[in-house]
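A.B. asks: Please read through the structure below; I'll follow up with questions.
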Amino acid sequence: MSRAYIQKSNPDIYLLSGVMHFPSSNDAARYLHKAITLTGSFFYPVALSLLLPIFLASLVLEKEEGIRGMMKMNGLKMKNYWLVHYLWSLLVYYPILALFWALGAFHLDLNFFTKTNPLILVFGKSFLSGK
């Protein structure tokens with residue numbers, strides 16, 4: 001009806017009308033989920049690598065203060081020193097890893113966390129392959 005009215009009022013104008021497919025809200029949500037999954041799988045290793053300065057700062061602080069030397073003089077074995085240092089690093093690392101994994105798997109439902117073996121995310125590929 002609008003086409004007939006416009007052509008009647010001005011014969012030089014021709015109106016094309018029809019149905020055009022617009023993305024539905026489900027399509028937009030799917031594309032948004034893909035974008036979040038892509039950025040999440042990129043930022044996960046980046047965020048965990050930011051813990052490295054924290055671990056190195058503790059080693060540098062011990063070197064500056066001479067704490068290790070004093071502990072050696074008081075009879076601490078180096079095996080125990082490095083074991084405690086390693087366990088402390090794990091105590092810092094694993095809660096942060098669990099927080100990232102819980103947010104990615106349960107809250108954001110990222111494919112990187114839901115479809116990847118959790119052992120690979122925690123220990124890495126070398127743990128599973130035995131190398």
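The values are calculated or read from the model by the stated rules, or taken from the named source; none is laboratory data. Keep in mind the model is a prediction, meaning the values are calculated, not measured. Reconstructed Cβ throughout: ideal geometry from the backbone, glycine too, with neighbour counts over all protein chains shown.
A.B. asks: Can you tell me which condition Ser89 does not meet? The list is (1) modelled with pLDDT under 85; (2) surrounded by 11 or more Cβ atoms within 10 Å (Cβ to Cβ), and all the others hold.
C.D. replies: Only one criterion is unmet by Ser89, namely (1).
A.B. asks: What is the one condition in (1) surrounded by 11 or more Cβ atoms within 10 Å (Cβ to Cβ); (2) modelled with pLDDT of 80 or more that Val122 does not satisfy?
C.D. replies: Condition not satisfied by Val122: (2).
A.B. asks: Pick from Leu16, Leu76, Leu99, Leu51: which is surrounded by fewer than 13 Cβ atoms within 10 Å (Cβ to Cβ) and either modelled with pLDDT of 85 or more or under 30 Å from Phe123 (Cβ atoms) (or both)?
C.D. replies: Going through Leu16, Leu76, Leu99, Leu51 in turn, the sole match is Leu99.
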